[in-house]
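Encoded as structure tokens, the structure appears first; notes follow it.
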Amino acid sequence: MPKGLKLFAAEIDDMEVLSAACEGMISSPGEMSFLKSPRAFTIMGSRFKWEDAPKRPSEGEPWFRIRSGIYFGDILAVKTAGISQKKPTEALELLSISTQVGEDAEAEMRLNFAGGGTIRLMAECINVTLTDTGDAWTTELKPAHENEIKPDREI
């Protein structure tokens, strides 16, 4: 059984790696939280294990998913578009995490979901950790998307 990842991001290049690892992660509004006092945003979900995915699976080479948590620290504000807390079990598929850094190292990270939903995190700096938990399981479906996200979309 494939082991899990633990990734830490403190720079934009790190975020690109973390974003690639999270492509196709399935989550829901009920698995996300923003805590103002510790200034933290967390999201849990079922992550596709790209690092273990064969390019062209032959018979007997499975794909895997694993439960993962992403912790975003030093968060100053959170804004959402197209995601409702009134539907806590609605399935959301994470397409990417786009990141921009300002002059004083403050960062804006956007969690872009299939269907156009977006969560924008304004942070003091990039302080993100991805941690896989538990055992991976096999899946017959590999994430694929016809339309890519539009990173310039306003929230």
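Each reported figure results from applying straightforward, stated rules to the coordinates on display, with no laboratory input. Just so you know, these numbers come straight off a predicted model, no measurement behind them. Because the Cβ atoms are built from the backbone with ideal geometry, glycine has one as well, and the counts that use them run over all protein chains shown.
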Sequence of MET44, MET122, MET109 once ranked by neighbouring C-beta atoms within 10 Å, starting from the fewest | MET122, MET44, MET109
Arrange the following residues from fewest to most other Cβ atoms within 10 Å of their Cβ: PHE72, PHE113, PHE64.
-> PHE64, PHE113, PHE72
Could you work out the per residue convex hull volume over the alpha carbons of the chain, in cubic angstrom?
-> 115 Å³
May I ask for the angle, rounded to the nearest 10°, between helix 12-22 and the longest principal axis of the chain, with both axes built from Cα atoms and the value confined to 0 to 90°?
-> 40 degrees
On the first, second and third principal axes, largest extent first, how far apart are the outermost C-alpha atoms of the stretch 23-108 in Å?
-> 49, 35, 23
Among SER37, SER19, SER84, which comes first, second and so on when ranked by fewest other beta-carbon atoms within 10 Å?
-> SER37, SER84, SER19
222 nm [θ] for the chain, helices only, -39500 (n - 2.57) per DSSP H run of 4+, per residue, to 500?
-> -2000 deg cm²/dmol
